[in-house]
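Taken together, the values in this text are just the output of simple stated rules run on the coordinates, not laboratory data. Treat the numbers as computed from the prediction; the structure is a model and nothing was measured. A quick note on method: Cβ atoms are made from the backbone with ideal geometry, for glycine too, and the neighbour counts reach across all protein chains shown.
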2 protein chains.
Amino acid sequence: MPRLVLDISTSLDGFVAGPSPGLEHPLGVGGERLHEWAVATKAFREAHNREGGEENRDSEVLAEGIQKAGATIMGRRMFSGGQGPWADDPNADGWWGENPPFHHPVFVLTHHPRETVTKEGGTTFTFVTDGIEPAFEQARAAAGEKDIAIGGGADVAQQYLNAGLLDELQIHLAPVLLGDGTRLFEGHAEYPELELTRVVDSPAVTHLRYRVLK
Amino acid sequence: MPRLVLDISTSLDGFVAGPSPGLEHPLGVGGERLHEWAVATKAFREAHNREGGEENRDSEVLAEGIQKAGATIMGRRMFSGGQGPWADDPNADGWWGENPPFHHPVFVLTHHPRETVTKEGGTTFTFVTDGIEPAFEQARAAAGEKDIAIGGGADVAQQYLNAGLLDELQIHLAPVLLGDGTRLFEGHAEYPELELTRVVDSPAVTHLRYRVLK
């Protein structure tokens, strides 16, 4: 049975994106600093069909998540490119290019029905208009024996956590204080219990893995 | 030269206390769960003049902080007992008892002038009415070669961090989602850069130590 997992980079003060996201700063001011650890790795570059990158513990943790995932669920804004010029165009393909880094079926939560988009390298984008549970069911069927990854954004992650559907949470905690932005945990919520199952650290980031108790 | 250090337990969602603090829940609903890792240790029990407790990595980390500290700075509410019945009585001694766990000089930030209170076991409480920098200077003189610990609450920690006076930050990250409460990092702030210098983990908590870059 596929597990639903969330791998997400946050700042030490709990933000997944900086303040004032827009054309100039798609991830908010300073938001790209949360992902520097990942972008530097060989695993990230391989997924993006690029050479080079560092082979280190961070790369191993990232590669592990990539290898385990057989399907991804993401929000429409994450698909269409965050705050880019196409953010409000439901038919835009966004920023993923011709050969996206997923290499498996991706299910996009949206209010706009649309035909499945097939890209190079094994990535398909299927648009799901009837909510998080049907998206989860479709992703489960597609993932086979592998995991289902939540590709973001924070609001999608929150919805799955609050619905009790999440099995594992891995926070990649960057040694950065953003001071403002979009929080992963907005507060005023009731959350399940967690069990800390693994910590991997490097100078660039601390990988904290939790099992969600049900 | 003494360093100013903050050792503080937070939830994974960034809270240092739960919601609705009051007589029934002095640390807010669920807030005591942030400190379970500490209360279980031999180091904690020794500081509180009690026997027993676990001898583990968590105890070592706690003992290290206790041994390094030569003075503590805290807010008036932290001195007088949070949300207890004495919280608004500036002359109350609060909850620290006859032999408080500090065993060194403590400087209390307050608007109410008051004579120094001398307790058993080496703890004194000196009341500082002219702000965080004079309190820091007094604590520095008292600490000798040791560190100065910030005893909380979150608002006092924030003030020293924002003033650029903090040298080290150690977050004891409990595997708990409180969902609501008092945040360590409230947002809408400009913070200094950090360097991750050490990670120690146990099933109960992850100890994350950062150097504040100046």
Nearest-first distances (nm) between copies at residue B:3, label 7 Å from Cα via Cβ: 3.6
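For segment B:4-212, give me the percentage of DSSP beta bridges that are antiparallel, rounded to the nearest 5 percent. Show your work: numbers first, answer last.
Values: 18 of 43 bridges.
About 40 percent, rounded to the nearest 5.
Where Lys and Arg each count +1 and Asp and Glu each count -1, what net charge lies around residue B:53 among other residues with Cβ under 14 Å from its Cβ? Please report the intermediate quantities before stating the final value.
On the way: positive: B:42, B:45, B:50, B:57; negative: B:36, B:46, B:51, B:54, B:55, B:58, B:60.
Spelling it out: positives minus negatives among the neighbours equals -3.
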Other copies of residue B:32: label-to-label distances in nm, shortest first, labels 7 Å along the beta-carbon direction: 4.9
Inter-copy separations for residue B:163, label at 7 Å along Cα-Cβ, nm, ascending: 4.8
Shielding by partners - mean other protein chain Cβ count within 10 Å, residues of A:191-198: 4
Low-density loop positions, GluC sites (Glu not before Pro), segment A:1-83 - DSSP coil, at most 13 other Cβ in 10 Å: A:24, A:51, A:55
Closest-to-axis residue of chain B (Cβ criterion, axis taking B to A), whole Å: B:14, 2
Scattering curve values for the protein assembly as shown, log₁₀ I(q)/I(0), Debye with Cα scatterers, q = 0.12 Å⁻¹: -0.99
Unsatisfied cross-links (Cα-Cα over 30 Å) in the set A:42/A:214; B:119/B:214; B:119/B:146; A:68/B:42: A:42/A:214; B:119/B:214; A:68/B:42
Amide proton proximity set for residue A:95, modelled H, under 5 Å, gap of 5+: A:81
Over segment B:4-212: Kirkwood hydrodynamic radius from C-alpha pairwise inverse distances, Å: 17.4 Å
